[in-house]
1. Can you compute 3J(HN,Hα) from phi for each residue in region C:19-35, using the Karplus curve 6.51 cos²θ - 1.76 cosθ + 1.60 with θ = phi - 60°, rounded to whole Hz and x for Gly and Pro?
2. For B:Ala600, what residues show an amide H to amide H distance below 5 Å, using hydrogens built from the backbone and excluding near sequence neighbours?
3. Determine the calculated [θ] at 222 nm for chain B from helices alone, applying -39500 (n - 2.57) to every DSSP H run no shorter than 4 residues and normalising by the residue count; nearest 500 deg cm²/dmol.
4. Cα centroid distance between region B:162-234 and region A:101-133, in Å?
5. Can you tell me how much longer the chain between B:Arg244 and B:Glu394 gets when fully stretched, taken as 0.36 nm per residue apart minus their C-alpha distance, in nm with one decimal?
6. Check C:Ala148: other-chain or 5+ apart residues with amide H under 5 Å from its amide H, H built from backbone geometry?
7. Between C:Ala259 and B:Met404, what FRET efficiency comes out of the Förster formula 1/(1 + (r/R0)^6) with R0 = 35 Å and r the beta carbon distance, rounded to 0.05?
8. What is the dipole size for the protein assembly as shown, taken about its Cα centre, with +1 at each Lys and Arg Cβ and -1 at each Asp and Glu Cβ, in debye to the nearest 20?
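Quick note: the coordinates plus some simple rules give every number you see, no bench work behind them. Since this is a predicted model, take the numbers as computed values, not measurements. In this analysis, Cβ positions are derived from the backbone assuming ideal geometry, glycine residues included, and neighbour counts consider all displayed protein chains.
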Amino acid sequence: MSLREIHLTVNGEARTATVENRLLLVHCIRENLGLTGTHVGCETSHCGACTIHVEGTPVKSCTMFAVQADGKSITTVEGLAGPDGISPVQEGFWEEHGLQCGFCTPGMMMTATALVRVEEEPSEAEIREAISGNLCRCTGYVNIVRAIQFAHRKIHSPAPVPVMAHEGGE
Amino acid sequence: MVTTRTTPEVGGMGHSPRRKEDPRFIQGKGNYIEDIKLPGMLWMDIVRSPYAHARIVSIDASKALAIPGVLAVITGKDLEKYGLHWMPTLMSDTQMVLPTDTVKYQAQEVCAVIATERYIAADAIQAVEVEYEELPVVVDPFKAMEPGATLVRPDKGKDTNHIWHWEVGDPDATDAILKASDLVVKQDVYIPRIHVASIETCGCVASFDKVEGKLTVWMTTQAPHAIRTVLALVAGHVGLSEERIRVISPDIGGGFGGKVPVYPGYVIAIAASVLIGKPVKWIEDRMENLQADSFARDYHTTAELGVNRDGTLTALRVKTLADHGYADSAANPSKFPAGLYHICTGSYDLKGAHVEVDGVYTNKPPGGVAYRCSFRVTEAVHTIERMVDIAAHEIGMDPAALRMKNFIEEDQFPYKSVLGWEYDSGNYHAALRKAMDIIGYEDLRKEQLEKRAKGELMGIGISSFTEIVGAGPSRDFDILGIKMFDSAEIRVHPTGKAIARFGTKSQGQGHETTYAQIVAEELGIPMSQVQVEEGDTDTAPYGLGTYASRSTPTAGAAAAMAARKIRDKARKIAAYLLEADEEDLEWEPGKFSVRGNPDAVKTIQEIAFAAYTNHPQGMEAGLEATHYYDPPNLTYPFGSYICVVDIDKGTGQVTIRRFVAIDDCGNIINPKIVEGQVHGGLTMGLAPSLYEEISYDEAGNCLGGSFVDYLVPTAVESPHWETGHTITPSPHHPIGAKGVGESPTVGAPPAIANAVVDALWHLGVRHIDIPMTPARVWKVLRDHGVEG
Amino acid sequence: MIPAAFDYLAPASLDEAIDLLARHGPDAKILSGGMSLIPAMKIRLAEPAVIVDINGIPDFEYLREEGGQLHIGAMTRESAFEQSGLVRHGYPILFETAKVIADPLVRNRATIGGNIAHADPANDHPATMLAVGATIVARGPNGTREIAADDFFNGFFSTALEDGEMVTEIRVPAPTARTGSTYLKFERKVGDYAIAAVAVNLEVDEAGHCTSARIGLTNVSDVPMRARNAESALIGHAVNAKSIEAASREAAAECDPKADLRGPVEYKRDLVRVLAGRAIGRAVARAQGRTH
């Protein structure tokens, strides 16, 4: 078994890992780097629970080898919060009840984080298409859409975020 | 309207505070089974059968054992030495842990590899050489019931694949009513085999401490206490004693019923840890999860519903063949082999009903567990709601009007159904009317006629379901003999903060928030200051766990009852502190005051402090209580759903244009969480309606055994659900709540199926089985002369 | 589900990649986006001894117009097609094809070169490449050569690439003012492989006659295929409901689908008819400038 050393920037921090060629990036993150917020839900690249950013782009870390991330900068859910606290996306998921069991949530938030960078607010249909590589079994997605809308408004709208009406919660 | 009695800061019932569990989940700090890592931990992986029925000629592990890092290959013969090669199911059936001679379904465990690392274990299972001799396979449950069929379970000593027959109701009276009815509509309805497919698969870390003789198992289980007892009963003969077994259910990435059973992998990992003396981790992958873990549904039903020309529904007769695969591994209350299927008279005041169910073995994975539903209620509701729609169409009556005419009336509650259930409360007319108003039902019917005139296919489907949850009263409900109570233990600390522990286990339902809100409601302690814990059998009070929408009806009630015990003691302390008679004290959330003297007040925090520092002489110190709640009855949530679909004549695609869901789950603890539960349940109701199915070819090969073909809906397939509610409190539940998590999964499929058939009825279409895939709908269209 | 062990080589240039492929022969497998290869390795359908990762080769991802053609670097990610204004407005069929491949996260890694070289008849680009008459540029130990898309796909998961050759560029002719094209896919759920899909690229003259037509079909044959009879039913004819109907029936007749979980043969054939009719209609409307 040949091992090699890889160097990567993980959530802004320089890290080194000694890995087998075949080690999947998600296992490197979870086992070698000890960041267990990134999850595995399938082996066919469908569920998106393993979504992270590589050089700012959301990808499925179960479908990359760790050696491919050598020299790259990656961001995981543990890197979303900043010095001022949780990110607008994290706050949106919390505020809008965009998660239940929490297992798909890190991946879903990583996809959402890339989506809300775009200045123009995406339509509901665009949000739904953008998160179609992330499966959620608990929420029925309505509140995930709301969470992303919340985050987008918080980032891009100068006005304070209005309290949103919910059909179910009079 | 949801009303509140507490301030937002206290956050009792009716408030929607941000969930207490979320900070860890949104920051990647959840602690799921795969996150558990122990020093010296070994990995287990499982060799599985490629055949649905085969004799194991030989297992040659030598090449696997030659791989550096491989410590052991465990076979059924190894487990047989310890009497651990078989285990009971929760339905008192038996199933193999590992086979000693034959495998009975594809993906069955054949043997297990223990290695120092996951990747090495994965290599090793490839290196194990198993020689099989294929045996005849029976996949179709009807063929399995024929004389001379291949026997799936010769170990049962019976010359048949028939497992059990169960029936309820009066066959003669039902027959007489049906014969006297103007019309009897009859329909075969198949509810296909599906899988909960929680995004987290199953797994465990078993750690046996040889010195202490103590086994700790972290496990993805919805019922940790029951599992502990089962382990003690199964492995008592090898020295595992219940006080030395600790089951810890960490954060669970979705359960939905699939994490109730004990799977062979858990038992093998435990056996391996005991034998090797090191922690052993087993995490199944998605394909194992879909192909080998307990399935749901698989009910083949023939139903007959009597109806008179004036629209009166009369009686229901149902015959069902329940395909249980290799073993009856359902998790039903033991008295009810078909679960609560006899809720199948639904929301209607029927005068007669007779239900027969026969369980049958086939060469398919074992099961019969829930898919986010309370013990076969989905099958029941699908049957009655389809039949009611067929009856309405047959007599030319609007399906909404027919439902309104036959609903159990508000003043009939508590209502005793002809099959013996006592419905606690309901207002079915109000829920349906509300749904019709929101969706604009009458206008939609006009639009449908206009569209039909133009050759366009649009359908409107209704489902007015009655759920039955909260199992259950000890007189009728047990699993393996353990009564289905649930529990809460609340301790109020000297500074007025509290910890509350429960026998249930959240898998995303938000117990840490809602239980805290119940305690806040009852004691006035802010919910933010109530720590909720579940899932550790060493610390939590005994309970039967979370499934079948039972947590709020049982443990939620226990929380209220335990809090009231605390309040009773607090009243005594307050009376002592205020030098007043207990009878003169008035309670409002968070404080006692003396009637007529509003300045004479003691807050719960002051009382709590006194309970440890200045309690009355002769009274026990402390402020805590435990309650084991034995519900007097089940609760009966209900709702009315209306779905509008458009059908593409060319492709057969069904598009849900709108879906309005009105739910009534009694009093609401947290509106936002209830709404979230409804959203999620609706998508899990959509899934088997249009997308998901696990089927088998004639050789017993699993089709749809990965996410390539098991089509879990994404945000694109899932509509923008429109939700709302009515509130009809449960009269017997301490806080008037009923449970909600499964209602939408139960109620949605018939609304969707009814909408599709409604769009096609004028063409002569009476019924389409779910999932109504494009290919299936296309076939129906072309068979009925529709060109696209 | 864990891949088997392999040697990992990451060439820094095309020359180096070609050398490595020559050296390791059939033991080597090229890793581009990895979106088909890595899942296959995880379930051990593929166990290559050597992985040649071409992600580190510079200047391999580009979309640029040159000499009346769109030149596409083989490592261009599917998401780049979605984000490119040039593609979106100038080559809508490429936009529409990329947009329906798998899901957005997969498209951030998946490459057009991989999609084509893998030659899965269920992949989406092959039918489109047939329809637009693309040229596939391949490079191997003997240099560079151009292969017409028509000649590229020659069997089940099989292409005209020689041992040691790799796809380096795809060239798509720029549409004329009278060209209309579209890719129309029908799937069980978003991100799935097509039950069937139809790529149409045609020209309509001022008199309303079809002057050229190329139609590609996805996942209804062992090899990505052109619906030549359907094309013939259009070329030289006035485009109207009748000729479109005739062409779509030809497409249904000449495809060769297999029954699977997506549906029976009859369904897939009929779906080809339905989709072909709609796609041709849309392409004609675009050719006539009525829609975009």
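1. 4, 5, 5, 5, 5, 9, x, x, 5, 8, 10, 7, 9, 9, x, x, 6
2. B:Val594
3. -8500 deg cm²/dmol
4. The two parts, judged by their Cα centres, are 36 Å apart.
5. Result: 47.8 nm gained on full extension.
6. C:Ile136
7. Efficiency computed from Cβ-Cβ geometry: 0.20.
8. With Lys and Arg at +1 and Asp and Glu at -1, about 360 debye.
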